[in-house]
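The values are calculated or read from the model by the stated rules, or taken from the named source; none is laboratory data. Since this is a predicted model, take the numbers as computed values, not measurements. Virtual Cβ from ideal backbone geometry, glycine too; neighbours counted across all protein chains shown.
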Amino acid sequence: MAEQKKAPLLRKEEDYVKALEGFITPDTDQVALLLDYDGTLAPLTEELSVMPKDTEINIKKLAANDKIFMVVFSGRELSEIKNHLKFPNVTYAGNHGLEVEYPSGKKFKIEMPEELLEKHNKLVSELKEKVVCSGAWVEDKKISVTYHYKGVTDKLKAKLIAEAKGLIQAHGFQLIETPYALEGKPRVNWDKGEGAKMILEKQFDADWAKNLKIIYVGDDTTDEDAIKVLHGIGKTFRVSELPTLKTYANYQIKTVEEVGWLLKAVQAYYEKKKKV
């Protein structure tokens, strides 16, 4: 059974080439490239931010490749992430895969119970009202919620964290603590792991795990659910600066900029093929 542990940290561009060595055969392999957006392809900010230029260039090249099925995940609403990126040939998964749109225009949406949505909205509202100040902010992921306090001064931090924890638990959400944030997850059987499985099954049928080369990249606790599902099936990468990070992923990537090195390493397989 998979367990979280310290993963090798990729430090140089050549480390990414080695991590993928022998994994992709460009002529024959169908690759599923599953990418989180906020904190992975682009810096995590309250509003959607832009990708580093190199990342954007390689995303466009990879998305145009018919051997690559690309999914961009976001905790934000589908329309928000799709309108921000506007890339053709990309499957967009908003709300952690609750709403999905394929390049063909085909869409599907899973409705969460009304009672759960009401609880979620009340929690978001109370967090914004009571603990958003001095640089702290709330990321509404529609199914889960994250309270970010990285920029708060030490003087206020302990008080705000304690109050936010109390609110998350009082509303019946599961509390997950990270060094710079608190995550509130509903106690339901839905997460990015379920979303990833459903998207791949709808695109490639029930045997998807046998027929694909899968790469998954994400930066937070919600991504661990998908990374766990894909453990032993594909190559998985967790983006984090934490030196003590424990993860289900095969590798750790330190920064958003270095995610661009991974995409460049994937693209290099296809550039080599063209030259042959």
Inset, instruction - May I ask you to say which residue of 197, 235 is more than 24 Å from residue 76 (Cβ to Cβ), basic (Lys, Arg) and under 17 Å from the mean Cα position of the chain (by Cα)? - result: 235
Inset, instruction - Scan region 235-250 residue by residue and report those that are at pLDDT 95 or above and either within 15 Å of residue 196 (Cβ to Cβ) or among the polar types (S, T, N, Q) (or both). - result: 235, 236, 237, 238, 240, 247, 248, 249, 250
Legend entry - Candidate set: region 108-131, residues that are without any contact (Cβ under 8 Å) to a residue 40 or more places away in the chain and in contact with a strand residue (DSSP E or B) (Cβ under 6 Å, 6 or more places away or on another chain); chosen: the one surrounded by the most Cβ atoms within 10 Å (Cβ to Cβ): 124
Inset, instruction - Evaluate region 131-153: report whether one residue or more is on the phi < 0 side of the Ramachandran plot, at pLDDT 90 or above and in a helix (DSSP H, G or I). - result: yes
Inset, instruction - Sort through 106, 61 and tell me the only one that's closer than 30 Å to residue 186 by Cα and among the basic types (Lys, Arg). - result: 106
Legend entry - The one condition in (1) at pLDDT 90 or above; (2) of a type in the set (S, T, N, Q); (3) within 19 Å of residue 184 (Cα to Cα) that residue 91 fails to fulfil: (3)
Legend entry - Within region 200-257, tally of residues that are within 23 Å of residue 146 (Cα to Cα) and among the aliphatic types (A, V, I, L, M): 10
Inset, instruction - For region 37-52, state whether one or more residues are out of contact with any Ser or Thr (no Cβ under 7 Å at 6 or more places or on another chain) and not in a loop (DSSP other than H, G, I, E, B). - result: no
Legend entry - Candidate set: region 138-155, residues that are over 14 Å from residue 75 (Cβ atoms) and under 21 Å from the mean Cα position of the chain (by Cα); chosen: the one surrounded by the most Cβ atoms within 10 Å (Cβ to Cβ): 149
Inset, instruction - Could you tell me whether residue 82 is without any contact (Cβ under 8 Å) to a residue 24 or more places away in the chain, surrounded by 14 or more Cβ atoms within 10 Å (Cβ to Cβ) and closer than 17 Å to residue 42 by Cα? - result: yes
